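What follows is a single structure, written as structure tokens, with notes after it.
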Amino acid sequence: MRMTFLLSLVSLVALSTASVQAEETVIVHGTSAITGLSEDEFKGYYLGKKASWPDGSKVIVVVLKDGTSHDKLMSKLGKSSSQFTTGWKKLVFTGKGAMPEQVGNEDELVAYVAKTPGSIGFVDTSKTKEGVKVVPVK
Amino acid sequence: MRMRSLLIPTLAMVVGLDVAQAADDLQIHGFVSQGFLLTKNNAIFTPDSEDSGTFEFNELALNVVATPIDRLRVGVQIAAQDLGNSFNNQPTIDWAYGNYSFGEIANGLDLAVSAGRFKMGHGLYNDFRDLDMTRPSVFLPMSVYNPRWRDLILAINGIEVNLTAAAGAFGSFEFNAYMGDTSFSASEGALHDLFVDTGMDPSSLNVEAIRGGQVTWATPVDGLRLKYSLLNCSQFVAQGTYAGAAAVPGFVPGTDYSLTIPNYWDNIASVEYVWNNLMVAAEYNYVYYQTTVDGTLNIGGPQVPVSRDSSNRTDAAYISAAYRMHPKWEALGGWQWSQGESEGAQNTKKKWYAFNAAIRFDVTEHWLIKAEYQWTHGDGLLRASEQADGTREEIWSLFALKTTFDF
């Protein structure tokens, strides 16, 4: 009885942890030919070092202003939010890049990527919908 | 918005696109900075900086960038700056170039080519020296990034090739090489001021070619990058008239001179390490050039034409550490040093060093306020003509406040 109770408790904790620890994923426009990104490619696109997809089309980076997914993106890039912004301002004011599109929430981000060929975003997996393609980063 | 409505059709006409496509790709950005500079014991950039302080310390810029066709990015930035007696907010084309990306030309190897007027990468920060919003301090370390030389090595008209190479376990490498030239004004600007300050009024200032490049290694250690930069200016020639006190002893005031620098070599070795909210940067700068001055000499007899050679070198370095202790607050501390030597017609040696501390407050993502204090030993950064009494003190200090808006 006691063991059953403990097992139930562990299962409950595991389930609740899973529900709060949302997985984030990279999404691109649904028609993109991209099937996966290396870590270097992922950082290259998000830090403005790569401005074109392999087919030559323009990369449009879409980011959130703040929030959990934004924090996780910064962590994955190894940058603080201010370092990320400063890096892009360096590119923009020397003519080496165009500022990422900034949206207010994850629904807007997914909607933007769904309607914009060439765009790339980073969101909570549960927010993805038709029109975007989930791309694994290896 | 009105500017956008004018720029879009213009850009579209230039690149032969329809207006809607150009509008989709167009971005307009700009910034405005205003500073206040106060010095003690000496003046710098303007006599007004000492005691009362000066607001002749600002930058502004407006740019437009578009990607009219796949792989091609074009843009232009108009900028103006005021720094005491220099620049005086004259609008200039800061950069205007096209960049074509060939993408991955071989496994892990990306190639891009730029043509037009572009910022020269040199050291960690030369191409960002006007971008106040990209650093915690008001001034970059003046030993390596002397603000007086901003318009001399900031941008050139020419071509640049950029190659990036993924190196697996060794990180990645970036190679840049550029060549071109630029024009210098003989009637105003930093170079004109330098010649005037040494008693040599210039009538023409020309350089045959500027070339250089950088190798940047993003090491396998997260946040650590190393860089080496080389810049060469060939066949720099200044011509003009000696005025007043001649720069070369014995040369006759009122007579013509010609100064030639066959090759000017400027090297910077850089290291930058970013670990979480801490950033440490250090750079060593070595400059070498020979000069030949042809002029007229008068040694108690008839005036005779002579030619005098000298060799010059400058060694400079700095180290700085910046820490962002809060999303809105960042602090920086640093040390810098410079030593210049000249051998030939005159043997001179000048050395100075300084300590600085700065704090930055980000009011919003697009508005910041900064303050900086610098204590300096030595007068290598100073000019006699900027001192109210014509003399320079050995120990002096500088306080600067600056605010910047960008969009």
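The values are calculated or read from the model by the stated rules, or taken from the named source; none is laboratory data. Computed from a predicted model, the values in this text were never measured in an experiment. Methodologically, a virtual Cβ is constructed for each residue, glycine included, from the backbone with ideal geometry; neighbour enumeration extends over all protein chains shown.
Taken as a whole, the structure places B:Ser310 among residues that are touching a strand residue (DSSP E or B) at 6+ places or on another chain (Cβ under 8 Å) and more than 20 Å from B:Gln214 (Cβ to Cβ). With respect to (1) touching a residue at least 40 places away in the same chain (Cβ under 8 Å); (2) under 14 Å from B:Gly223 (Cα atoms), the lone exception for B:Thr255 is condition (2). Of the residues A:Ser57, A:Ser32, which is in contact (Cβ under 8 Å) with a residue 24 or more places away in the chain, more than 30 Å from B:Asp130 (Cβ to Cβ) and within 11 Å of chain B (Cβ to nearest Cβ)? Exactly one of A:Ser57, A:Ser32 is in contact (Cβ under 8 Å) with a residue 24 or more places away in the chain, more than 30 Å from B:Asp130 (Cβ to Cβ) and within 11 Å of chain B (Cβ to nearest Cβ), namely A:Ser57.
Would you mind stating whether B:Gly98 is at pLDDT below 95, within 12 Å of chain A (Cβ to nearest Cβ) and touching a Ser or Thr at 6+ places or on another chain (Cβ under 9 Å)?
no
Scan segment A:71-86 for residues that are more than 8 Å from chain B (Cβ to nearest Cβ) and within 20 Å of B:Glu330 (Cβ to Cβ) and the total you get is 6.
Report, by residue number, each residue of segment A:44-54 that is more than 8 Å from every other protein chain (Cβ to nearest Cβ) and touching a Gly at 6+ places or on another chain (Cβ under 8 Å). Let's see the steps before the verdict.
Taking segment A:44-54 and keeping what is more than 8 Å from every other protein chain (Cβ to nearest Cβ), we get A:44-48, A:53.
Within segment A:44-54, A:Leu47, A:Gly48, A:Trp53 meet the criteria.
Could you check segment B:102-118 and list, in sequence order, the residues that are among the hydrophobic types (A, V, I, L, M, F, W, C) and over 22 Å from B:Asn157 (Cβ atoms)? If you could, list the steps in order and put the result at the bottom.
As a first pass, look at segment B:102-118 and keep what is among the hydrophobic types (A, V, I, L, M, F, W, C): B:102, B:105-106, B:109, B:111-113, B:115, B:118.
The answer is B:Phe102, B:Ile105, B:Ala106, B:Leu109.
Among the candidates B:Ala22, B:Ala61, the residue that is within 23 Å of B:Ile93 (Cβ to Cβ), at pLDDT below 90, crowded, with 17+ Cβ neighbours inside 10 Å and among the small types (Gly, Ala, Ser) is uniquely B:Ala22. In this structure, does B:Ala177 turn out to be touching a strand residue (DSSP E or B) at 6+ places or on another chain (Cβ under 7 Å), away from chain A (no Cβ under 14 Å), assigned to a strand (DSSP E or B) and more than 30 Å from B:Gly334 (Cβ to Cβ)? Yes. If you go through segment B:352-387 and keep only what is polar (S, T, N, Q), part of a strand (DSSP E or B) and surrounded by fewer than 21 Cβ atoms within 10 Å (Cβ to Cβ), you end up with just B:Thr364. Restricting segment B:111-160 to residues that are more than 13 Å from chain A (Cβ to nearest Cβ) and of a type in the set (Phe, Trp, Tyr), the residue that is surrounded by the fewest Cβ atoms within 10 Å (Cβ to Cβ) is B:Trp149.
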